[in-house]
C-alpha cells in the first residue's frame, strides 16, 4: 500500500500569491491613473489661474497707459514748457511707460516683477492724476483770467427813505437831477419813464439838495453813490435806490501798443495793477484804491514796483482837469492808465485789475496771513498792534485801506498795502500752501481778475524763465506828497482831501523806471 500525502485544507498558496500580486498590480495602475488625473487637473487649474492673473495685469497696463496720456496732455495744454523741455519730457514718458507696460503685461514665472511694476504704476498713477488735476485747474483759470472784459457801470435812481416812490414808474413827470452823467445813459432812463433832467454844479451839492428836500430824485452812478455815502453823513441810511440800470462803459482812451517798444516780446514792459474799491463783479468800474506800476525787464531780471497814493492830485488824461488819481477809475481803467502815463512819462501797455472780493477770498483761502504793522491803530472795528498781526480777509482789507489813523495819511496806506502784498506772496509761495491749497487758491481768484495780457505772453515769460532759471531782483518805490484840500473834476466845487505830488519824488520815480527799462 503506497503512501499518499494528505491535501491541505483551503486555497492553493500559489494561487493566493498570484491573486494578491494581481490585486496589487490593479491598485498600482488605478493609483497611477488617479494621480495622473489629479496632476492634469492641477496643471489645468494653474493654467486657468495664471491666465486670469495675466489678463488682470493687461487691464492694469491699459489703465496705466490711459492715465499717462491724460497726464501728458494736461501738461502740454498748459503751454508753459520750453521746446527742449517738451522733447525731454516726451522721450522720458515714452521710455518709462514702455518699461512699466512691459513689466506689467508680460507674464513672469514668479510674478515678482509684475507685482513690483504694479506697485510702481500705482504710485506713479497717483502722482500723474494729482498733477493733471493741478494742470487742468491752472488751464481753466488762465483761460478765464487772461481776457479783456467789457467794463460796466451801474446807475441808480435814488430818493429819500420817507418818499412814497418805490419804483421807477412812480417818478413819471418828475425832474431828475444829475451830475456828469453821459447823454446816452440819460436817454436809457428817458426811454424807461417820462421825465426831465436837471443838473447840479457839484456831486456833494446834489446829495445835500436831495436830503434837504430841495429836489426829490437824483440819478447817479454807483461810484458817485459811494462817494456821496463817504462825503455826506448817513446818506445811505436816509436814501433808497428804486431802480438800477447797467451800462457799458465807453473807454475814452484805448491802449495802443502797436508803436511801443515796451512789450512782453521785447522783454521790457510796464504792467499797471489797479485795486478797485468795490466788491462783486470785476467788470464794474470803480475808484482805483490801490495803484502800483510794475516795471519788468526780463533781460536783466529786474522788477520795480512803484506805488502811487490814491489821493494823488493829477490831471485826468481825457478830461484835462485836476482830480484825485482814485477817481480816474470812474471813467474806466484806460483813463487811469493814460493819466499815469502822463504823470510818469512812460508807456503802459498792460494792466491787471483786482477788487475787494479778490483780497478777501484770497487771504481767507490761504488761511490768513502774517502782516507787519508800523503802528498801533484801529479801524472799522478791528485793532492792529505794532509788529506782526495774523489777519483774515476782512481784516487784511481794512488794514490796507486805512489812512486817517496816520500822520502821513496816504503815504502810510501805500506802505501797508505793500506789506499785505508781501505777506500774500510769502504765503502763496510756501510749499505746503501750494500743495494743499493750490486749486482752492485758483478757484478763489476766478472772476476776480481783469486784464488785457494775452495768455500766450504769460506762456512765453514762463518758458523764458525755465530756460534761464535766473533769480530776480525786486525793488519797491513809493511816490510821496503833501496832504491838502481842493476841488476835483468828479465832485465839482466841493473841496476834498487831496495829496499834492512831491515833484522830486515823481522825478526820482521816473528815473528808476527808466533805469529798469534800460533807458
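Coordinate-derived values only; no laboratory data. Remember, predicted model here, so these are calculated numbers, not experimental data. Glycine also receives a Cβ, built like all others from the backbone with ideal geometry; neighbour counts cover every protein chain displayed.
Points worth noting:
- For residue 58 and residue 84, the FRET efficiency from 1/(1 + (r/R0)^6), where r spans their Cβ atoms and R0 equals 30 Å, is about 0.30.
- Protection proxy ranking for 298-310, 159-171, using the average of other Cβ atoms within 10 Å per residue and placing the highest first: 298-310, 159-171.
- Segment residue 485-residue 404, extension gain: residue separation times 0.36 nm, minus the distance between their alpha carbons: 27.7 nm
- By the count of other C-beta atoms within 10 Å, a proxy for reagent exposure, 77, 20, 401, 413 are ordered fewest to most as 20, 77, 401, 413.
- Spacing of the two label points (7 Å from each Cα toward its C-beta) at residue 260 and residue 161, in nm: 4.7
- Ordering 93, 402 from the fewest to the most neighbouring beta carbons within 10 Å gives 93, 402.
- Cα-only radius of gyration and Dmax that characterise region 152-248, units Å: 12.0, 33
- Taking the inverse of the mean reciprocal distance over all distinct Cα pairs, the Kirkwood hydrodynamic radius of region 264-517 comes to 19.0 Å.
- Measure of compaction for region 414-519 (Cα Rg per 2.2 N^0.38 Å): 1.52
- Stretched out straight at 0.36 nm per residue, the stretch from residue 299 to residue 470 would grow longer than its current Cα-Cα span by 60.6 nm.
- Model label points for residue 133 and residue 379, set 7 angstrom from Cα along the Cα-to-Cβ axis, are 3.9 nm apart.
- Inter-part distance, region 112-174 to region 365-393, computed on C-alpha centroids, equals 28 Å.
- From least to most packed, judged by other beta carbons within 10 angstrom and beginning with the fewest, 384, 116 follow the order 116, 384.
- Shown here are the Rg and Dmax of the Cα trace of region 46-142, at 15.8, 55 Å.
- Difference of contour (0.36 nm per residue) and Cα-Cα distance, residue 425 to residue 230: 67.0 nm
- Between residue 507 and residue 150, the simple spin-label model (points 7 angstrom out along Cα→Cβ) gives 4.7 nm.
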